[in-house]
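Quick note: the coordinates plus some simple rules give every number you see, no bench work behind them. Keep in mind that what you see is a predicted model, and the values were worked out from it rather than measured. We place every Cβ from the backbone using ideal geometry, glycine too, and count neighbours over all the protein chains shown.
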Amino acid sequence: MSDDEDEEPAVSLGEHTPVEGAPLARVTSRLTWPKEKSEIDRLEGDSVIRTPDGPRELSAVLEAVDETYFQRHQEFERHVRDVIGTGPIPTADE
């Protein structure tokens, strides 16, 4: 980049908009694997995660997950996403 070019980003980043809840990956990174569903619920069940339908308590999501044991965090996240879906996460302003 030369000195005479603008120092602003090429893409407008927009204003900071708060998003309620934690990313699922942040919650799963705090755990060690393998892990039973009941142990995940005990340790992180009160965590609020981001979902396309708005923030939800992990404990409520786990009730809809049929699997009871997860070898790896990827397996756990896949089952949770099967319940909560994927897509844009609403901001606090929406």
Stretched fully, the stretch from Arg42 through Thr68 gains (0.36 nm per residue minus C-alpha distance, one decimal, in nm) 8.0 nm
So for R0 = 41 Å, FRET eff. of Trp33-Thr91 from the Cβ-Cβ r, to 0.05, ends up at 0.85
